[in-house]
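Chemist: One structure, pasted below without further comment.
The values are calculated or read from the model by the stated rules, or taken from the named source; none is laboratory data. None of these values were measured; they are calculated from a predicted model. Reconstructed Cβ throughout: ideal geometry from the backbone, glycine too, with neighbour counts over all protein chains shown.
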Amino acid sequence: MTTRAHVIGCRLALLAGLCVLLGSVGIAPAFADTPSSGGDLTVAQTLGDRELTIVLRRVTGVPGPLRTDVITHTGSAAGHLALEVTPTGTSTRSSSLPAPGAPTARAGVELGTTPGTYSATVAVDRPGPWELAISDGQRVARIPFVVPIQAASPPERAVYGGFLTAGVLLLVSVVVATRARRGEWALVPAAGLVAAISVALTGAVLSASLPLPPQPGGQLDPTVDNVTAPYALAKPLVTDFSRPPVTLDIEGGALVAGQPGDIELNLTDGATGTPVDDLLVHDDALIHLLLVGPTGQLWHLHPIRTAPGRYQQHLSLPIPGHYALSAEIVCRGGGVQLVRAAEGLDAGPLGNTSGPVTTQEHTARRPVRLGDGQVAGSTVIDATPITVTAGRAMAGTPTTITARAGDTADLQPWLGMVGHMIVVGPLPTTGEAVGEAAQKAPVWAHAHSMGAMAMAGMGEMTMPMGAMPTAGMGDASGMGTGTGTGAGMSAMTGLAPVNGDSAPDETVAAYGPDVPFTYTFPTGGQYRLWIQVERDYTVLTVPLVLDVAASMSNGVRQ
């Protein structure tokens, strides 16, 4: 009788274990904190005369397709682009795949005359670092990117292993309980079952709080090994946050106004002199090249990468004179840098004739003027009415500047933001061409706006942050100071994602029409500002002249 009761007790214990196991299956999804497969990668490229936005859509499985969208803008010529992808990472593990360094897939994109999205798909056969080459027949842009995989964290592996072991031990316990003459033998696998479930539950709890491993490409130089096994670090991670600044050197022949020409940008490490090839995509570009012309025209360009540390920019400068130049970059582990070209560029005269004045050049010569009592101004750019308002601008005090483009919420994100504002100054009020004055200006800054967002179907959703200045831009390389309301929010890099890890791209026209910026001018004087927004695949550049009053200390103007 006692033996019979003992056997019944063992079976009840097994039944309880089975209930715990089945109930725990519902808990398993709680450990969903592994590195994601990555979001879309957006990279702006000035390929010849075309300003393109390249969007590499996320790869959900390897091997698998990589969809590449090419977004064109107003004025982009029709034509053919050739695409090819090349794996660039080596591995310490043996593989039957073709050796890296040679293209593995090719495709073509036919661009039309209508601005918008044109797509192609290529296949990727392995995780790790890759390079996408885009050729227009004359130039080749080489974009590095990483194909990730969904890697399980150690706690997740403990969860899977714990539940697998528990399932096996449950079957063993059932067999032992029904076959063994002594029922107490079933307690041995039952105890193991309980221990396995405990391990699985502990792993599920820990997986929710485990930090992500260092990300290949963003924090580590990507290799096949650290992409496929991100949690397996062979040695302690050492990140160099004091990396030497980058040196910018410009090469190329003499530029002549009205004639196309190319310049080469060489980036070298300030300490070793070696080429810098660890630029990160920030604000949807590897390099943001800012060029200020003699009459105040701004070019916001994105040079193509042609080789490690070498970039090329195609230019057609409209008038002779001096052009100030700076490049905004982010190095792996080095932060944001605004690298100024020491001598800028000079465009020689084109004989005794001058070319036609472009719309942008005409607008640059007639900027909106604010400050010194003037709080609002308006202009029309490419048939879009623009109104700009500004509060009282005083050095050392945050100033809010708001541009209203049109009267409907149809602005498109450009370079990851609704709006961009370039600030240069203070400049002399008379006598000197803008390009020459900008070359010597102590302040160059680049502020961002996430806009007052209203998306169709989402109701009104206000983003009151105003400006999101690039962290460190104001005083990078000792070239001036500038702060904004987003100075303490460097972790925020753009618009909120609406599709997994990917923020909306230029195909979403649902923002604005108000685009506010908040910026703190470090010193008084006259500044040149340029606000940029995108509407109907056209980047609108609004030139401003703003008079900033000197700061006040104890009632005395400084």
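Chemist: Just need a number here: residues in region 45-65 that are more than 17 Å from Ser135 (Cβ to Cβ) and aliphatic (A, V, I, L, M).
Modeler: Total meeting the criteria: 3.
Chemist: Further question on the same structure: Identify, please: which residue in region 297-346 is hydrophobic (A, V, I, L, M, F, W, C) and outside any strand (DSSP E or B) and is, among those, modelled with the lowest pLDDT?
Modeler: So, considering only residues that are hydrophobic (A, V, I, L, M, F, W, C) and outside any strand (DSSP E or B), the one modelled with the lowest pLDDT is Ala342.
Chemist: Any residue in region 353-382 that is over 21 Å from Val256 (Cβ atoms) sitting within a Cβ distance under 8 Å of a residue that is at pLDDT 60 or above and part of a helix (DSSP H, G or I)? List the pairs, counting only those 6 or more apart or interchain.
Modeler: Listed by first residue and then by second, the contacts come to Thr379/Thr363; Ile381/Thr363.
Chemist: Whether any residue in region 80-90 is over 19 Å from Arg142 (Cβ atoms) and outside any strand (DSSP E or B) is what I want to check.
Modeler: no
Chemist: So the check is Cβ under 7 Å with 6+ separation or different chains; which pairs have a first residue in region 161-181 that's assigned by TED's automatic domain parsing to the domain that holds Ala196 and a second one that's at pLDDT below 80 and charged (D, E, K, R)?
Modeler: Partner pairs satisfying both residue conditions: Ala177/Arg11.
Chemist: In region 479-486, is there at least one residue being modelled with pLDDT of 55 or more and either in the same structural domain as Gln337 (by TED's automatic domain parsing) or in a strand (DSSP E or B) (or both)?
Modeler: No - not one qualifying residue is present in region 479-486.
Chemist: While we're looking at this one, here's another question. If you check Asp514 against the conditions, is it of a type outside the set (Gly, Ala, Ser), at pLDDT 90 or above and surrounded by fewer than 19 Cβ atoms within 10 Å (Cβ to Cβ)?
Modeler: It is false that Asp514 is of a type outside the set (Gly, Ala, Ser), at pLDDT 90 or above and surrounded by fewer than 19 Cβ atoms within 10 Å (Cβ to Cβ).
Chemist: Another question, if that's okay. How many residues does region 51-73 hold that are among the basic types (Lys, Arg) and assigned to a strand (DSSP E or B)?
Modeler: Residues flagged as among the basic types (Lys, Arg) and assigned to a strand (DSSP E or B) within region 51-73 amount to 1.
Chemist: Name the residues in region 402-432 that are touching a strand residue (DSSP E or B) at 6+ places or on another chain (Cβ under 6 Å), outside any strand (DSSP E or B) and more than 24 Å from Asp382 (Cα to Cα), would you?
Modeler: Thr429
Chemist: State all residues of region 361-381 that are modelled with pLDDT under 80 and crowded, with 18+ Cβ neighbours inside 10 Å; if no residue qualifies, say none.
Modeler: Listed by number, the residues that qualify are Thr363, Ala364.
Chemist: Could you look through region 256-271, keep only residues that are farther than 19 Å from Gly48 by Cβ and part of a strand (DSSP E or B), and pick out the one that is modelled with the lowest pLDDT?
Modeler: Among residues in region 256-271 that are farther than 19 Å from Gly48 by Cβ and part of a strand (DSSP E or B), the one modelled with the lowest pLDDT is Asp269.
Chemist: Search region 102-148 for residues being touching a helix residue (DSSP H, G or I) at 6+ places or on another chain (Cβ under 8 Å) and assigned to a loop (DSSP other than H, G, I, E, B), and hand back the single one that is surrounded by the most Cβ atoms within 10 Å (Cβ to Cβ).
Modeler: Pro127
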